[in-house]
Amino acid sequence: MSTPLADTTNPDLDLLYAVNGLAERSPAWLDHTVSWIGEYGILLGLALLGLIGWLQARRRPDAPVAVAGLLWAPIAVAVAELANLPISAIVDRPRPFVDHAGLEVLVEGKAGTYSFVSDHSTMSMGIAVALFLVNRRLGWIAGVLALLQGFCRMYMGVHYPTDVIGGFALATAVVLLLAPIAMAVLVPLCHAIGRTALAPLIRAPQGGSGGSGGRRTGGRRRGGGSRGAVRADEQPPESDLAA
């Protein structure tokens, strides 16, 4: 299929044709791989990063705050997706292949849905920004995956570049603007859960030979052990959301 000349007065369309043109020139196996990654793979990778972040957060001195920040990630994504419902209806933008011929569309069933903003881009960036506030290393990795998600959506021919940028902006705004309100609720909730039988979800269990056991035995063990535990608990929170 020959790609028609893009409208040089429309950078949004120019970039879409440039990225999607790679799909036309690529082997079928690569197109299938990118389609799977753009539709499912990146979201699964972000979920795995969230799991790793949770396992690490449980071992931090500020575990309830860190876990609350991770819990905010899926909630923020859900809020952003709900906010996108009226936005999509108001903008009422068809998928790019509906109005422009010559695009290589790699997934089916998208014709009847809105193009602006990209749901996949919104979800990916929402997780990335929320994760960055808790664990910067994992957040950077998630941010790269979010950018790759945007590229894949254009490669697949289902979104304009501005759909992707709009999704990134929406997710970032929701995560950052609503984080103080969310954390005001989630941090006390995580502290409360930490005092129940579900405490291992919030803080990793400590070794059986330390902690309170050391305080009940000899004086030297009791004195050094308890003071060390207090100092660990009193370390300043590592999470940016704790401020």
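Here are some notes:
- Selection of segment 27-76 for residues being touching an Asp or Glu at 6+ places or on another chain (Cβ under 9 Å) and farther than 21 Å from Asp119 by Cα yields Arg60, Pro61, Asp62, Val65, Ala66, Gly69.
- Filter result for Gly109 (of a type outside the set (D, E, K, R), at pLDDT 95 or above and assigned by TED's automatic domain parsing to the domain that holds Ala184): no
- Entirely in segment 1-102, the helices (runs of 4 or more DSSP H) that have 1 or more residues that are crowded, with 17+ Cβ neighbours inside 10 Å, in contact with a Cys (Cβ under 6 Å, 6 or more places away or on another chain) and in contact (Cβ under 8 Å) with a residue 60 or more places away in the chain: 28-36, 63-91
- All told, Ala146 meets the bar of being within 10 Å of the chain's Cα centre (by Cα), within 22 Å of Asp31 (Cα to Cα), aliphatic (A, V, I, L, M) and in the same structural domain as Leu71 (by TED's automatic domain parsing).
- Of all positions in segment 178-201, none carries a residue that is out of contact with any helix residue (DSSP H, G or I) (no Cβ under 7 Å at 6 or more places or on another chain), of a type in the set (Val, Ile, Thr) and under 22 Å from Val34 (Cβ atoms).
The values are calculated or read from the model by the stated rules, or taken from the named source; none is laboratory data. Since the structure is predicted, the reported quantities are computational estimates derived from the model, not experimental observations. When we count neighbours, we look across all protein chains shown, and the Cβ atoms used for this are built from the backbone with ideal geometry, even at glycine.
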